[in-house]
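Report on the structure given below.
Here, each number is a calculation from the coordinates, and none is a lab measurement. Not measured: the values here are computed from a predicted model. A quick note on method: Cβ atoms are made from the backbone with ideal geometry, for glycine too, and the neighbour counts reach across all protein chains shown.
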Amino acid sequence: MKLGVNIDHIATLRNARGMNNPSILRALEVCHKTKVDILTVHLREDRRHIKDKDLILLKKNSLIPINLEMALTQEMILIASKIKPQFICLVPEKRNELTTEGGLNLEKISKKKLKLLLSICLKHKIELSAFINPNAKTIDLARKLGFSTVELHTGSLDRPKANQKDVSNINKMIKYANISNLIVNIGHGLNFNNIKLIKNRKYVNTVHVGHFIISEAIFTSLKNTIIKFKGLIT
């Protein structure tokens with residue numbers, strides 16, 4: 001499995017003071033040195049952490065493929081068409097949420113906007129994925145709508161003791177998505193302990209981790225946290 005590191009909360013800390021510390025580019029340097037596979041940033045509509053200038057700086061300086069998490073809006077489609085990240089992951093957004101609360105409702109998204117984004121991705125060879133809940137119906141719909149990749153929501157594992165039913169379902173859906181000819185990524189709420197519950201890892205392309213890595217880095221450094229997580233998935 002590859003490791004995708006989400007550095008949104010580096011920007012959260014920086015924005016608390018309104019200066020440039022901690023630096024996004026310094027975080028990028030650490031990701032380069034630790035050979036992170038994918039760099040994830042979520043440009044939210046409310047710009048609560050990553051800003052437009054961050055995205056431009058990262059695209060200019062990153063040797064690591066960038067995965068842009070975004071809502072399916074006209075504004076974000078325009079930004080994506082200009083930045084041309086290597087990966088785009090469509091995620092749901094609510095202004096009052098603390099973090100992403102669940103997978104994207106594919107039945108309610110704008111098919112017109114999706115068609116436009118798909119054409120942009122095809123033209124610029126961008127891999128488009130949808131962040132979805134781990135169930136067969138949604139996986140089938142993602143494939144039908146033209147997604148080549150899905151990122152399965154693993155937030156249910158983020159508990160002191162994960163429910164075995166949730167563990168079983170996530171592993172089952174990882175395999176189901178894979179045999180449905182989709183590239184399978186997983187993310188949300190993953191940490192040193194619950195990543196061990198992913199048994200069908202041979203079907204997983206990339207593990208995306210953000211909040212935990214940045215939080216753990218406060219105590220053990222960003223470098224050491226990334227190295228330890230990589231050791232758990234390889």
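Results, tabulated for the structure shown:
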quantity	calculated
Kirkwood Rh (inverse of mean 1/r, distinct Cα pairs), the range 35-82, angstrom	11.2
The range 113-234: equivalent-ellipsoid semi-axes (sqrt of 5 x gyration tensor eigenvalues, Cα, Å)	27, 19, 12
Gap separating the Cα centres of the range 35-80 and the range 140-172, nearest whole Å	24
222 nm mean residue ellipticity, helices alone, for the chain (DSSP H n ≥ 4; -39,500 (n - 2.57); rounded to 500)	-13500 deg cm²/dmol
Ratio of the Cα radius of gyration of the range 28-115 to 2.2 N^0.38 Å, where N counts its residues	1.13
From phi via Karplus (6.51, -1.76, 1.60), per-residue ³J(HN,Hα) for the range 150-159 in Hz, x at Gly/Pro	10, 10, 7, 6, 10, x, 5, 7, 7, 9
FRET efficiency, 1/(1 + (r/R0)^6) with R0 25 Å, evaluated for residue 227 and residue 122 via beta carbons	0.10
Highest-fluctuation residue, 110, 156, 129 considered, GNM on the chain with Cα pairs under 10 Å	110
Stretch gain in nm, segment residue 145-residue 19, where the contour uses 0.36 nm per residue and the Cα spacing is subtracted	41.2 nm
Global form of the range 1-78, assessed from the alpha-carbon gyration tensor, a/c cut-off 1.5	oblate
P(r), alpha carbons of the chain - 10 Å bins starting at zero, rounded %	7, 34, 39, 18, 1
Separation of the residue 234 and residue 219 label points, Cα + 7 Å toward Cβ, nm	2.4
5 angstrom amide H check on residue 40, placed H, neighbours 5+ away	5, 6, 7, 67
